[in-house]
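See structure below.
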Amino acid sequence: MPLSFRALRLGLFVFFILAGMLFTAGWAMHHAKRQAMIEDAGRASQQLGLYANSLHTLIDRYRALPAVLALDPELIKALSSPVDKPVQDALNHKLERINSTANSSTLELLDSTGLAVAASNWRLPSTYVGSNYAFRPYFKQTQSQGTGRFYAVGVTSGVPGYFLSSAVQGENQRFLGAMVVKLEFPELEREWRQGSDILLVSDARGIIFIANQDGWRYRELKPLSREDRAELAVTRQYDKQPLVPLQHQVLNRFGDNSHLTRVQGPEGSTEYLWESLPLEAEGWTLHLLRKPQVSNAGRNAALAAAAVWLSLVFALLFISQRLRLARLRQRSREELKQLVEERTRDLRTAQEGLVQSAKLAALGQMSAALAHEINQPLTTQRMQLATLRLLLDNQRYDEARQALEPLEQMLTRMAALTGHLKTFARNSPSGLRERLDLATVVDQALQLLDTRIRAEQVEVALYLARPAWVRGDAIRLEQVLINLLRNALDAMAGKSYKRLEIRIELAADHWRLSVFDSGGGIPVEHLGNVFDPFFTTKPVGEGLGLGLAISYGIIHEAGGRLTVENQPGGACFAFTLPRDPEP
Ligand code: ADP
């Protein structure tokens, strides 16, 4: 793969990880922030309910006051005829008393034309007494419906308040005038000012008229229509107060009355959690504005999401790496297996070649002895044939028959000898596993080496359990035995005491064949090398160093093990082969 392509791939990969991390972190942060805000909004909404309750309680406390006062016979009587000065004084004092007892802001009595005939604030320069309030909606409502309510800035006092009124009725429910109580909310505003939240009350037109912080009052939450403005001018609801629009833009909506909003308020451009609660009874709306809390939730969520993303990516990387490794391992295992099979095949071929050449070498060495072995009986036979002819000529048949016997024996022996040589020289196929008797293999090997054993006057002791059935290739096993015996004879060559001991014993489910000689044993430093190919201590031309290596291979292939140890007097080579059960 070209370097630049690899670098590009790596770059893309890193980009993918980083982009994924940023995306998940961003997403988690947004989600966590929104969740935190929704929870915050929930809490704000609960608080808003409490504020609404306190406002309700306050208004409810005074709602019945004008109705009860309107039933006062003194008031009804006073309004039934034009009010003169002494009556007015008495009414002023009475209203003043009741007002201070009820703890309301102001009490006033209007006659049927809307003129204030008496008021609790009669002592003040800004007293209502003498002013006409027929233009105020609450008066009109009282006239038509019996009760009225209206929030307005006092035209005389300039102090805003909530006017609650009840009709004073004479006989036959004749409208005589209106009893009015004015409530101001400075205490409420002071109380609301304690928290850090901004609390606002807006009227049905969206004009804020109560606020617990400066600069928020008389702001328009929505644009006023032309009709609205005209009506405001008539009712003088907010009188001379200038109305300023409040710019605000919803950023995130959590519910109908719950959103995150950017407001161009008195404190400049600020984001608020904005909760609203409509107050059905008054037709107002209560608002709570709270600065969103800077919490660690968003950052923590982003970090957690990034960590989860990275763990996920690395887990995937780890798994894919493991899979790739496993695939590679599987492939190299298969390649290795194939290689081992090829090498084993090569080795087997090489080993078979070596077996063959070792046999040829052995044949070469044996040929001299064989020539001698065959020549001698041939000479003897020629002489015996001459004797035989003489006997036959003289018709000495019985003696002639007797003289034939040794001849026949000699021929049988020679035939056996050549027969063995033939099979020995043959290249037998490897892996042959015929059923055979180990003792017979020993017999045949001894027969092949008989001449040398006799010539060198070696004492042979045989302890052979027979039959010793095993599975294998007779010719190869014979070759192993000949190797062992020839080595033993070589080792004893210069010794005065020559004894060869061959044993076949049963060891559990194996036959054990051992060859022990009196050749003095193998030097300890050579013990570990005798099975190595081409290891020999014999002079050049005499030893190839292949005999034991090949023998080792043959026994191993037949399922056995060839071992060597030094024993007192000489070396002991032994091999085991699995016992073949009796047929
Ligand atoms: P070679 O007979 O051609 O040397 P071998 O593999 O048959 O090859 O034997 C390797 C060597 O092991 C021999 O050269 C000899 O030193 C040692 N050896 C084998 N058999 C005996 C034994 N019976 N006694 C002492 N040395 C032995």
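The values are calculated or read from the model by the stated rules, or taken from the named source; none is laboratory data. These numbers come from a predicted model, not from an experiment. Cβ sites come from the backbone with ideal geometry, for glycine too, and all protein chains shown count toward neighbours. The area values use the complete protein model at the heavy-atom level, side chains included, leaving out ligands, DNA and RNA. Shrake-Rupley method; radii C 1.70, N 1.55, O 1.52, S 1.80 Å.
Placing a pseudo-label 7 Å from each Cα along the Cα-to-Cβ vector at Val14 and Arg389 gives an inter-label distance of 10.8 nm.
If you roll a 1.4 Å probe over the chain with all protein chains in place, what percent of the accessible area is carbon or sulfur? Exposed carbon and sulfur together represent 57 percent of the surface. In the context of the full set of protein chains, residues of the chain present 56 Å² of accessible surface per residue (probe radius 1.4 Å, heavy atoms only). The value of relative contact order for the chain, using C-alpha pairs under 8 Å at least six residues apart, is 9 percent.
Report the relative contact order of the stretch 500-583, percent, no decimals, based on alpha-carbon pairs under 8 angstrom and at least 6 residues apart.
About 35 percent, as a whole number.
Working from label points 7 Å from Cα in the Cα-to-Cβ sense, the Ala465 to Arg226 distance is 13.1 nm. Does the stretch 447-558 come out rounded, prolate or oblate, given a ≥ b ≥ c as the square roots of the eigenvalues of its C-alpha gyration tensor, rounded meaning a/c under 1.5 and, failing that, prolate meaning a/b above b/c? Oblate. Straight-line cross-link reach from Lys337 at under 30 Å between alpha-carbon atoms covers no lysines, not counting any fewer than eight positions away in the same chain. Relative to one another, the C-alpha centroids of the stretch 442-457 and the stretch 1-78 are positioned 113 Å apart. Estimated from helical segments only, the mean residue ellipticity of the chain at 222 nm is -18000 deg cm²/dmol, where each DSSP H run of four or more residues counts as -39500 (n - 2.57).
Projecting label points 7 angstrom from Cα along Cα→Cβ for Glu405 and Ala102 puts them 16.8 nm apart.
Sequence-distant contacts, meaning Cα pairs under 8 Å at least 6 residues apart, place the relative contact order of the stretch 183-236 at 24 percent. The phi torsions of the stretch 401-415, fed into the Karplus equation with coefficients 6.51, -1.76 and 1.60 and a -60° offset, translate into couplings of 4, 5, 5, 5, 4, x, 4, 4, 4, 4, 5, 4, 4, 5, 4 Hz, rounded to whole numbers, with Gly and Pro shown as x. Pairs exceeding 23 Å between alpha-carbon atoms, taken from Lys182/Lys240; Lys85/Lys140; Lys33/Lys291; Lys182/Lys291; Lys140/Lys222: Lys85/Lys140; Lys182/Lys291; Lys140/Lys222.
Axis of helix 547-557 versus longest Cα principal axis of the chain: the two differ by about 50°, to the nearest ten degrees.
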